[in-house]
Structure formats: C-alpha cells, structure tokens
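Only one structure is covered here, and it is reproduced in the block below.
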Amino acid sequence: MKKKIDNSFKYYRLFIIVFVISLLFCSNYKSRFSAKEIRKMQSQALAGNFDAAMTLSDYYGVDLQDVVTQEFWNCICFENNPIKGSWNFVHINYMEDGKSKRYQYLIFLCEQYKRTNAFRIKKYEELHKKFADFNFSNDNLEYGDVTNENYQYFHDKAFSGSGVAALKIAQFYEGQSSQNYYSGCKRLLDIGSKYNPDEENLPVFWYRIGSQNGNKECMKEYADILKQSKDKYDKLRAKFWEEKSQ
C-alpha cells in the first residue's frame, strides 16, 4: 500500500514538474517577438510575404493560443501562396464545413505540394474516394447571369475554383440593394477569413473568393473596396490585390 502511495506521489510530482516547465516554455514563446518585429511581419505578410504570414499564424495559434487571429493570418498565408497555404487554411478555417465544395477545392489544390510521402499519398487516395464527384472549375465555361433559380450552380462553380462565377455572384448581390454592406465591419479582411454561410450575401465575400481563384476583375474590385476602409490592414492589403490585378 505504501509503495502504491509512493508511486502515486512520484507521478504527481512528475506532473507538477512537467506542468511548470510547460508554463515556462509558453511564457518564453510569448515573448520571442518584440512588438516592433510583429508589426514588421504584419506589414510584410499583408504585402504578400508567405513566410511572414506563416510565422504569424504559428505565433498566434501555437504560442498565444489565439485561434481567431490565427485564422486571419491563415487566410492571408493562403492568398499569398495558394498551393503552400491551402492545407493549413482548410484544416483550421474550414474544419467545420468539411463537406462544402470550397473545402474540397482547398484540399485538392495543395495535393501535388503535399504528396511527398506514402502517408500523404494514402491520405489523398482516401479523400478522392470520399469526394469522388469533385472537379476543379475554371473560367472556360459559358456563364450567363445569376438568378435565384441557378444560384446554387454558380455557388458550386465559384467554390470549386471559378473566378468568373464568383464575380457574377458578387455583381448579383450588388444589384439587390444600394445598402452599404461594409459599414458595420471594423476590418473588411475579416470577411471570408473563416467560412461563414451568413456572410455569403456580401459582395465583398464573393469578390474575395474570386480573387483567391485568380480572377483579375475580382482582384481590382476587391482592392477598390479595401481602399475605402479606414482600417490599416485593409489599406495595406488593397495594394497587394491591386498589384496582382495588373
């Protein structure tokens, strides 16, 4: 009985030691970047630097356990390099919507980049069986105008990679009302950084999807919207999309 108690105490003491070390470890990580370094990386990431965006995503997600901010930088990371950034983006920002066409698009977008070992090859084989009907959509299709009846068709095409389909949806919503859709948003870049079905009726959401899909007109429209914002992140990002649209 005494031996059992001694062992329990030993494990308890080991737990306390590990817990204290973990706290110290986390504390050190929280301070590994100065405020000046963070601001510099933010500017670099918003200007298009993939590594800076990836570092910020890791810092906020792993070091600070700030998932909301991690989701924001995951999206910037993806937009800076869609192939490299799509894996983290889909698994953190789209994890609650694993059946959507956008989830499938993002998964398969990074397939060639991730197929580097046997485990990942097997993983993609499983995903292809699970989403056997998925196909990438491009802009080599005849798109008419969006209506309430054919909306789902455009939605699926846009989520599967078509920039034109996303553009058409954005224009469809802009024509519905003269309302300023963005007046209540502190930061426009928050719209679409994490998938939210309630945001799908916002033209800015679809301009961003179209921009991510590579459509130049969407990039220009999205940049023009971001430039109207008072938020410094929006203004910095506007320049990124404006340059990509040219």
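With all protein chains present, how much of the accessible area of segment 129-225 (probe radius 1.4 Å) comes from carbon and sulfur, to the nearest whole percent? Let's see the in-between values first.
On the way: 2070 of 4890 Å².
The computed percentage sits at 42.
Counting only protein heavy atoms, what percent of the accessible surface of segment 86-127 is carbon or sulfur at a 1.4 Å probe?
Ligands and nucleic acids excluded, carbon and sulfur reach 51 percent.
About the Cα centre, and with charges only on the beta carbon of Lys, Arg (+1) and Asp, Glu (-1), how big is the dipole of segment 31-172? Nearest 20 debye, please.
Magnitude of the dipole: close to 480 debye.
If you stretched the chain out fully between Asn135 and Asn150, how much longer would it get, using 0.36 nm times the residue separation minus the C-alpha to C-alpha distance?
Stretched out fully, the Asn135 to Asn150 stretch lengthens by 3.5 nm.
At a probe size of 1.4 Å, how large is the accessible area of Arg237, to the nearest 10 Å²?
0
Considering only protein heavy atoms, what per residue accessible area in square angstrom results for segment 81-134 with a 1.4 angstrom probe?
Numbers: 3110 Å² over 54 residues.
Value returned for segment 81-134: 58 Å² of accessible area per residue.
At Lys216 and Glu37, where each label point lies 7 Å from the Cα along Cα→Cβ, what is the point-to-point distance in nanometres?
So the label points at Lys216 and Glu37 sit 4.1 nm apart.
Using a 1.4 Å probe and ignoring any ligands, DNA or RNA, find the accessible area of Val68 and quote it in Å² to the nearest 10.
Per-residue accessible area (Val68): approximately 110 Å².
The values are calculated or read from the model by the stated rules, or taken from the named source; none is laboratory data. Values in this document were obtained by computation on a predicted structure and should not be read as measured data. Cβ sites come from the backbone with ideal geometry, for glycine too, and all protein chains shown count toward neighbours. For the accessible areas, the whole protein counts, side chains as well, though only heavy atoms, and no ligand, DNA or RNA atoms are used. Shrake-Rupley method; radii C 1.70, N 1.55, O 1.52, S 1.80 Å.
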